[in-house]
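Just below is one structure, and these are the notes that go with it.
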Amino acid sequence: MRKDPDQGAGGSSKSSSPRSRSKTSPARNASKPKPRVALVLQGGGALGAYQAGVYQALHENGLTPDWVVGTSIGAINAAIIAGNPRETRIEKLRSFWEGVAHPDLFDLQQLPDATRQLSTLMTTMDTFVRGVPGFFRPRPFSPFALGLPVPAEEASFYSTAELQQTLENHVDFDYLNGGSGIRLTVSAVKVTCGTLSKFDTKNERLRVDHVMASGALPPAFAPVRVDGELYWDGGLYSNTPLEAVLNDEARLDTLCMMVDLWHADGPEPTTYEAVQTRQKDVTFASRSQRHIEAYLKQYQLRRAARDLYKRLPPALLNAADRKMMAELGADTTMHIVRLPYAGRDWNMASKDANFSHGSIEWRWSQGYQDGLRGIEVSHGCPFEQSDAGVVVHELPPHIQV
């Protein structure tokens, strides 16, 4: 088996350079089942247009995911992807993002950078004042803004009532729950106890309120009641729902395309705007390394237990032992290709509220180009017998000019 140079036994490795092997699918042993393809989508408001571009690249190049996991705007994109037949997915994604885009005051392509930034700031301010048609609107004269009590479902500055109709227009929930398409998982936080819930078409029928709950980020948006319980945005607990893929049973060889919209690393902030930007990035950046380390520990324990069982004479194994061995499963490998949004947002703290048409188009295009680079990386991902457990491929940020 060929290993990455820095790959250790029972650990994860990181790769940053594309390695070509196949033009159609990740490399694999012909005798093994085809690896599962999972797409993991963060929360990030208007930045989510980048995710749509990534999906388009996968869609057009024969790497359609078997499973999409999303939080917040990632849940909305994921629901549109999983909730439509293949031939209409891109059309529905386009329709959603064009519908929520604000017209630009000027053609941003014809403006110098400083003027472009000013135009974007003005469009973003309009979002705060008037909301986004088909997504959210301000609650005029709401007692909530004055600190007075209101019904829990109205405890926010904006109403997302219009989002329900938008989702119903863009997601075929009968198709989504029909079992013949892409598996969908969305996450939300239970308001009364702070625990993370994962709503999964593998286990239950998902409705529009499940998706809306995943994007109910306070105090801008009110919690959504699902089966009697109130839920907030899953990003409050974990904005990158990678653990859903890592902890899934039964264990399968998996190629996971993970889209990151926020950056844990960044410069020291020196202005109020920079402090706010850095705060948001730190708050919502991926905590994937923590989840990967926990997965590896469990992976190593499973492997050690399985090896111990194999050393026992067959006569000593009872039915419970054999059942335990089956549950421990076989060695599997997960390749995680991390796609980072490079952004061109002038260090704006409100970048996730920047729904200007020009910015959304730029993000979509950037996501498409990065998706193509991610596919190139995936062509070199081996799924032969392995002791690695998890291999992480870091895609270097690349800003499209």
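The values are calculated or read from the model by the stated rules, or taken from the named source; none is laboratory data. Fair warning: this is a prediction, and the values are worked out from it, not measured in the lab. Glycine gets a Cβ as well: all are built from the backbone with ideal geometry, and neighbour counts include every protein chain shown. Just so you know, the surface numbers come from the protein's heavy atoms only, side chains and all, with ligands and any DNA or RNA stripped out. Shrake-Rupley method; radii C 1.70, N 1.55, O 1.52, S 1.80 Å.
Assorted remarks:
- Among (1) in contact with a Gly (Cβ under 8 Å, 6 or more places away or on another chain); (2) surrounded by fewer than 20 Cβ atoms within 10 Å (Cβ to Cβ); (3) not hydroxyl-bearing (Ser, Thr, Tyr), the one test that ASP233 misses: (2)
- Residue that is nearest to ARG36 (Cα to Cα) [pool: residues in the stretch 64-82 that are β-branched (Val, Ile, Thr) and in a strand (DSSP E or B)]: VAL68
- Which listed residue, of TYR55, TYR50, is touching a Lys or Arg at 6+ places or on another chain (Cβ under 9 Å), of a type in the set (Phe, Trp, Tyr) and closer than 18 Å to LEU176 by Cα: TYR55
- Looking only at residues in the stretch 20-53 that are modelled with pLDDT under 95 and aliphatic (A, V, I, L, M), the one that is surrounded by the most Cβ atoms within 10 Å (Cβ to Cβ) is ALA27.
- For the stretch 64-79, the tally of residues that are touching a strand residue (DSSP E or B) at 6+ places or on another chain (Cβ under 6 Å) and open to solvent by 10 Å² or more (accessible area, probe 1.4 Å) stands at 2.
- The set of residues from the stretch 190-212 being in contact with a Leu (Cβ under 6 Å, 6 or more places away or on another chain), more than 18 Å from PRO241 (Cβ to Cβ) and in a loop (DSSP other than H, G, I, E, B) comprises just one member, VAL191.
- Unmet criterion (only one of (1) within 26 Å of ASP281 (Cβ to Cβ); (2) out of contact with any helix residue (DSSP H, G or I) (no Cβ under 7 Å at 6 or more places or on another chain)) for ILE76: (2)
- Residue that is surrounded by fewer than 18 Cβ atoms within 10 Å (Cβ to Cβ) and modelled with pLDDT of 90 or more, where the choices are GLN385, GLN369: GLN369
- ALA155 being without any contact (Cβ under 8 Å) to a residue 60 or more places away in the chain and among the hydrophobic types (A, V, I, L, M, F, W, C): no
- Each residue in the stretch 277-291 was checked for being open to solvent by 100 Å² or more (accessible area, probe 1.4 Å) and either modelled with pLDDT under 75 or among the hydroxyl-bearing types (Ser, Thr, Tyr) (or both), and 0 pass.
- Qualifying positions in the stretch 151-189 - in a loop (DSSP other than H, G, I, E, B) and either exposed (fewer than 15 other Cβ atoms within 10 Å of the Cβ) or acidic (Asp, Glu) (or both): PRO151, ASP172, GLY178, GLY179, SER180
- Filtered by the rule that a residue be assigned to a helix (DSSP H, G or I) and modelled with pLDDT under 90, the stretch 89-116 gives LEU108, GLN109, GLN110, ASP113, ALA114, THR115, ARG116.
- Which numbered condition PRO140 fails, given (1) free of Cβ contacts under 8 Å to residues at least 24 places away in the same chain; (2) under 20 Å from ALA101 (Cβ atoms): (2)
- Qualifying residues in the stretch 246-276 (those that are under 18 Å from SER350 (Cα atoms) and crowded, with 22+ Cβ neighbours inside 10 Å) - the one farthest from the chain's Cα centre (by Cα): TRP262
Matching residues to (1) assigned to a helix (DSSP H, G or I); (2) touching a strand residue (DSSP E or B) at 6+ places or on another chain (Cβ under 8 Å); (3) touching a residue at least 12 places away in the same chain (Cβ under 8 Å); (4) surrounded by fewer than 21 Cβ atoms within 10 Å (Cβ to Cβ):
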| position | (1), (2), (3), (4) |
| --- | --- |
| LEU58 | yes, yes, yes, no |
| GLY62 | no, no, yes, yes |
| ASN84 | no, no, yes, no |
| GLU87 | yes, no, no, yes |
| LEU118 | yes, no, no, yes |
| THR123 | yes, yes, yes, no |
| GLY134 | no, no, yes, yes |
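- Checking ALA349, ALA326, ALA294 one by one, the residue that is at pLDDT 80 or above and not in a loop (DSSP other than H, G, I, E, B) is ALA294 and no other.
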